[in-house]
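A.B. asks: Okay, handing you the structure first.
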Amino acid sequence: MLVVAIASPEAADADRFGPKAANLARLGHAGLPIPAGFCVDAQAYRLQIAAAGLERHARCVASSDPGEARRAALAMKLGLLDGPIAPELLDDLLAARRALAADRGAPIAVRSSALVEDRFGSSFAGQFESYLGLESEDEFTTAVRSCWAALWATRVLRYMAARDASPADTAMAILLQPLIRARAAGGGLSRTADGEMVLNATPGLGAAIAQGEVVPDRFVLSRAGALRHAVAGQVAHGAGCAHAPRPARPRGASRPSLEADRVRELGRLLRRAEDVMGMPVEIEWALDDAGFKLLQARPLHLEPAPATAGDDIWLRHPGLNGHPAGVGWGSGRACVVNCECELSRVGPGDILVTRIAGPSLSEVLPRVAGVVAELGGSTSHLASLARERGVPAVFGVPGATERIPDGVQVAVDGVAGVVRWMPSGGRFDEGWGPSSLPMGSRPAPG
């Protein structure tokens, strides 16, 4: 069977259904609340490639000729997007769609579950595709083809190239589920460098958190589940290119999306997810009228909390607080970027200061010494990618692009969630001996 129910024992096989689907199946098998659904075997992707006659293009992606490799990757993407689904696959896919529609009566979500994603050190967070709220058969089949084609997207090719990997050596499984009618949604980290747990939340669907488009509610819990700290998110509108009309600034704190009892309940689920996975995890979740549903669990990259500069050095300079989102401590020249069309300005060793902490910024992570963003939180996709690369990051920093001058020296503490800068030049490490530099600081690449 190429399409199996997520409740079936075989759905926990990551080699067939990818870690995203398999991890979720494991949580469900252990009694944690997850949505119902079906897992589509990665073998279906391989059969679709064969039926579309694309094997030759897949082999050419490894060509030593860059032009030929790019043309082959494009041919793979377009062939998977445009070609009809093979009849031997289509019947089972449509049967799963009908079963979900009949049982739940809700629109459908089609989610990627590549064999290479959600693994320790290669999360691929935000690199593939998910499609929500699908109602018609045409929308459903288009989403399936698009998930297969996402393995050949430009950003995925860059991500893989940085890890000496190729999409020709892996395959794409798919997760089919009913769309959760979420009252609130978000993410969670089962451990922090300080030994606590963190939950993020926002009203409605959690895509805005994952894409770094909002400042979410932030809840900090002890490992025993006691609620230690709660900060409401910021209400903002119209995140977009700065060269379009400027959207409204955050209006200040809203009411938290979760009551304290709900936060503690979710904290218990987070601890259970860690126990099932046998390691620290980051999760995605949603809350509907029936209660919490866990949507995803992946390994969490952790590093010890670094020592930081002495208070006398830190406190003499202007600073801003936000959500700690990366690891370690770093300093460099501020490069203030208001939208993606300015990313070419970011140089090696710079601290990127920007508005939206979206996963599209992953292409600059290999060359920056830190990231500061006005929107986003600790559980966004870019935060996952920053932790994976060991990049200090602080998100949810109101007014960062206006208050931090372009070109000044900036220090970023990705554990404490603090950003400071020197208004009149100079360097944070001037006058320090080697022993006084913060452990975990990130030198400029090169």
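A.B. asks: Once a ≥ b ≥ c are taken as the square roots of the eigenvalues of the Cα gyration tensor of segment 307-411, is the result rounded (a/c under 1.5), prolate (a/b larger than b/c) or oblate (a/b not larger than b/c)?
C.D. replies: rounded
A.B. asks: So what's the back-of-envelope 222 nm ellipticity for the chain, counting only DSSP H runs of four-plus at -39500 (n - 2.57) apiece and dividing by all residues, rounded to 500?
C.D. replies: -8500 deg cm²/dmol
A.B. asks: By accessible area of protein heavy atoms, probe 1.4 Å, what ranking do H229, H323 get, highest first?
C.D. replies: Descending accessible area places them as H229, H323.
A.B. asks: Here is a follow-up. Around S380, what is the net charge, scoring Lys/Arg as +1 and Asp/Glu as -1 over all other residues with Cβ under 14 Å from its Cβ?
C.D. replies: Computed value for this residue: -2.
A.B. asks: If I take every Cα pair under 8 Å that is 6 or more residues apart in segment 110-229, average their sequence separation and divide by the length, what percent do I get for the relative contact order?
C.D. replies: 21 percent
A.B. asks: Sketch the reach of a paramagnetic label on R70 as a point 7 Å from Cα along Cα-to-Cβ, and name the residues of segment 147-177 whose backbone nitrogen lies under 16 Å away.
C.D. replies: 153-159, 161
A.B. asks: Looking at segment 1-79 from every direction and averaging, what is the projected area of its Cα convex hull in nm²?
C.D. replies: Projected over every direction and averaged, the Cα hull of segment 1-79 covers 6.3 nm².
A.B. asks: Continuing with this model, one more query. Using the Cα gyration tensor of segment 17-121, with a ≥ b ≥ c the square roots of its eigenvalues, what is the shape: rounded (a/c below 1.5), prolate (a/b larger than b/c) or oblate (neither)?
C.D. replies: Oblate shape, in that a/c is at least 1.5 and b/c is the bigger or equal ratio.
A.B. asks: Among residues other than I356 whose Cβ falls under 9 Å from its Cβ, what is the net charge (Lys/Arg +1, Asp/Glu -1)?
C.D. replies: -2
A.B. asks: Over the heavy atoms of R158, what accessible area does a 1.4 Å probe trace out, to the nearest 10 Å²?
C.D. replies: 130 Å²
A.B. asks: Return a whole-number percent for the relative contact order of the chain, with Cα pairs under 8 Å and 6 or more residues apart as the contact set.
C.D. replies: Relative contact order of the chain: 15 percent.
A.B. asks: If I ignore ligands, DNA and RNA and count only protein heavy atoms, how much of Y159 is accessible to a 1.4 Å probe, in Å² to the nearest 10?
C.D. replies: 20 Å²
A.B. asks: Can you work out the Karplus-derived ³J(HN,Hα) for every residue in segment 321-335? Use 6.51 cos²θ - 1.76 cosθ + 1.60 with θ = phi - 60°, whole Hz, and x for glycine or proline.
C.D. replies: 10, x, 8, x, 10, x, 10, x, 9, x, 9, x, 7, 6, 10
A.B. asks: Just to verify a number: FRET efficiency for N321 and S63, C-beta to C-beta distance, R0 = 35 Å, to 0.05?
C.D. replies: 0.10
A.B. asks: Answer rounded, prolate or oblate for segment 111-193, using the Cα gyration tensor with square roots of eigenvalues a ≥ b ≥ c: rounded when a/c is under 1.5, else prolate when a/b is larger than b/c, else oblate.
C.D. replies: Judged from the Cα gyration tensor, segment 111-193 comes out oblate (a/c at least 1.5, b/c at or above a/b).
A.B. asks: Given labels modelled 7 Å from the Cα in the Cβ direction, how far is it in nm from E265 to A51?
C.D. replies: Distance between label points: 4.3 nm.
A.B. asks: Let me ask you something else. Keeping every protein chain in place, order M422, M279, M160 by accessible area at 1.4 Å, biggest value first, i.e. largest first.
C.D. replies: I get M279, M422, M160, largest accessible area first.
The values are calculated or read from the model by the stated rules, or taken from the named source; none is laboratory data. In this text the structure is predicted, and so the values were computed from the model without any measurement. Please note: Cβ atoms are built from the backbone with ideal geometry, for glycine as well, and neighbour counts cover all protein chains shown. Surface areas here come from the heavy atoms of the whole protein model, side chains and all, with no ligands, DNA or RNA. Shrake-Rupley method; radii C 1.70, N 1.55, O 1.52, S 1.80 Å.
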